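K.L.:
Got a structure for you, written out below as structure tokens; questions coming shortly.
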Amino acid sequence: MEYRALITSEEGKSFTNKIENRDISSLGENDTLIKVKFSSLNYKDALSASGNKGVTRNYPHTPGIDAAGIIEETSSTKFKPGEEVIVTGYDLGMNTFGGFGEYIRVPDNWIVRKPENLSLSESMAFGTAGLTAGLCLRKLLLHGLKPEDGEVFVTGVTGGVGIISLMLLNKLGFNVSAITGKMDQADLLYNLGAKKIIDRNDLDTELISPLQKPIYVGGIDAVGGRILSNLICSTHQRAAIACCGMVGGLSLDTSIFPFILRGLSLFGVDSAESLLSVKEEVWENFSSSWKLESIDENIKNISLDELPEEIEKILKGEQIGRVRIEYDW
């Protein structure tokens with residue numbers, strides 16, 4: 001049986017992305033075959049699609065670290081055909097053919113059963129970006145952070161993680177400052193719940209001071225680099241920051257003072273390899289106490305054929321919000 005997929009191929013020193021027909025047998029021998037209904041576009045997908053060998057070792061390959069669909073066949077005792085499921089992270093879309101194809105074949109210990117009060121389309125409005133935002137929020141709440149404690153921040157706030165972090169924190173009643181390099185998106189950010197908008201250029205500098213005026217009781221950082229370095233030094237006593245990104249730089253040149261004088265906690269978050277039980281907890285929250293009724297209003301829906309163009313946009317830093325791929329079954 002054939003299916004359609006985006007195939008990234010290595011041709012000499014360059015890489016191409018084309019929609020091709022493939023045989024189901026090319027998906028390997030994992031125990032569960034899933035008919036994909038929706039996927040979503042993430043920066044890691046764009047890296048895989050551009051030939052980044054740190055993400056994907058061998059080509060030709062189908063990227064797509066997210067997939068939501070229906071189990072077609074399985075030898076697993078945990079699931080049965082016809083069940084609606086979600087797969088994010090692990091090796092999907094990296095070295096295992098991913099969600100940019102109409103079918104995936106994965107092991108059962110990568111699969112989350114879709115919560116009852118969440119549709120497949122809503123799940124891919126969240127995708128890995130939303131899951132990462134949820135994991136960051138979970139860290140802050142377990143730390144004890146509460147809305148009445150004071151102001152929190154979100155960086156990279158027009159990207160996938162940032163925009164959902166803003167929506168989730170606003171949903172729970174937090175006073176959120178949105179830090180962005182896209183000041184032309186101010187109206188969008190205010191509509192999504194930002195109380196203040198800060199130009200990232202004000203923070204993207206050498207360390208301003210090792211111990212700055214305390215402003216934030218917590219935050220979700222999706223960029224890293226000098227912006228995070230300065231934000232660390234602008235925190236209140238016993239603040240907490242969840243860090244999950246590096247688009248602003250790989251290094252962290254900051255001060256030890258906020259950690260030893262203010263008791264700051266800095267949490268690292270990696271959604272791909274999170275425990276399945278923790279992923280299940282976050283997906284359940286998305287269907288209940290963290291449910292975002294307006295999640296579909298901020299999603300760009302595309303077909304598989306439109307995907308190569310959107311990959312180019314995200315590589316150029318032109319993507320705003322989330323992009324969801326819908327398969328025409």
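K.L.:
Can you send over the carbon and sulfur percentage of the accessible area for the stretch 65-180, probe radius 1.4 Å, protein chains only?
P.N.:
The C+S portion of the solvent-accessible surface of the stretch 65-180 is 46 percent.
K.L.:
Sticking with this structure for a sec: DSSP loop (so not H, G, I, E, B), at most 14 other Cβ within 10 Å: list which chymotrypsin sites (Phe, Trp or Tyr not before Pro) in the stretch 142-218 pass both filters.
P.N.:
Passing both the DSSP loop test and the Cβ count: no residue.
K.L.:
Taking every Cα atom in the chain, find the radius of gyration and the maximum pairwise distance Dmax, and write them in Å.
P.N.:
Answer for the chain, Rg first and Dmax second: 20.0, 63 Å.
K.L.:
Calculate the radius of gyration of the Cα atoms of the stretch 54-142 to one decimal place, then report Dmax, the largest Cα-Cα distance, as a whole number, both in Å.
P.N.:
Computed over the Cα atoms of the stretch 54-142, radius of gyration and Dmax are 13.8, 42 Å.
K.L.:
Next up: In cubic angstrom, how much convex hull volume per residue do the alpha carbon atoms of the stretch 1-98 span?
P.N.:
98
K.L.:
Right, something else. First obtain the Kirkwood hydrodynamic radius of the stretch 109-176 from its Cα pairs, then insert it into the Stokes-Einstein equation at 20 °C and 1.002 mPa s, and state the resulting D in µm² per second as a whole number.
P.N.:
Here the translational diffusion coefficient equals 165 µm²/s.
K.L.:
Given R₀ = 45 Å, what would the calculated FRET efficiency be for Ser287 paired with Phe259, taking r from the Cβ atoms and rounding to 0.05?
P.N.:
According to the calculation, E is roughly 0.80.
K.L.:
Sorted from largest to smallest, which semi-axis lengths in Å does the alpha carbon gyration tensor of the stretch 202-286 give for its equivalent ellipsoid, taking the root of 5 times each eigenvalue?
P.N.:
26, 15, 10
K.L.:
At a Förster radius of 51 Å, what calculated FRET efficiency corresponds to the Cβ-Cβ distance of Arg57 and Asp184, to the nearest 0.05?
P.N.:
0.85
K.L.:
Set the bar at 23 Å for Cα to Cα. Now go through Lys53/Lys313; Lys171/Lys300; Lys182/Lys279 and name every pair that lies beyond it.
P.N.:
Among Lys53/Lys313; Lys171/Lys300; Lys182/Lys279, the Cα-Cα distance tops 23 Å for Lys182/Lys279.
K.L.:
Could I ask something else about it? With N denoting the number of residues in the stretch 106-231, provide Rg(C-alpha) divided by 2.2 N^0.38 Å, to two decimal places.
P.N.:
Working it through for the stretch 106-231, the quotient is 1.14.
K.L.:
Same structure, new question: Could you work out the Kirkwood radius for the stretch 180-329, taking every pair of different alpha carbons, averaging 1/r and inverting it, reported in Å?
P.N.:
Its Kirkwood hydrodynamic radius stands at 18.0 Å.
K.L.:
Subtracting the Cα-Cα distance from 0.36 nm times the residue separation, let me have the gained length for Glu73 to Asp91 in nm, one decimal.
P.N.:
In short, 4.5 nm is gained.
K.L.:
Ser251 versus Ser209, label points 7 Å from Cα toward the beta carbon: distance in nm?
P.N.:
Here the answer is 2.4 nm between the modelled labels.
K.L.:
Just in the stretch 1-37: which GluC sites (Glu not before Pro) are loop by DSSP and have at most 15 other Cβ atoms within 10 Å?
P.N.:
Glu29
K.L.:
Now for a separate question. Say each of Ser121 and Ile302 gets a label point 7 Å from the Cα, pointing the same way as Cα to Cβ; how far apart are those two points in nm?
P.N.:
It is 1.9 nm.
The values are calculated or read from the model by the stated rules, or taken from the named source; none is laboratory data. In this text the structure is predicted, and so the values were computed from the model without any measurement. Cβ coordinates were reconstructed from backbone atoms using ideal geometry, including for glycine residues, and neighbour counts include every protein chain displayed. Ligands, DNA and RNA are stripped out before the accessible areas are found, and what is left, the full protein with its side chains, is counted by its heavy atoms. Shrake-Rupley method; radii C 1.70, N 1.55, O 1.52, S 1.80 Å.
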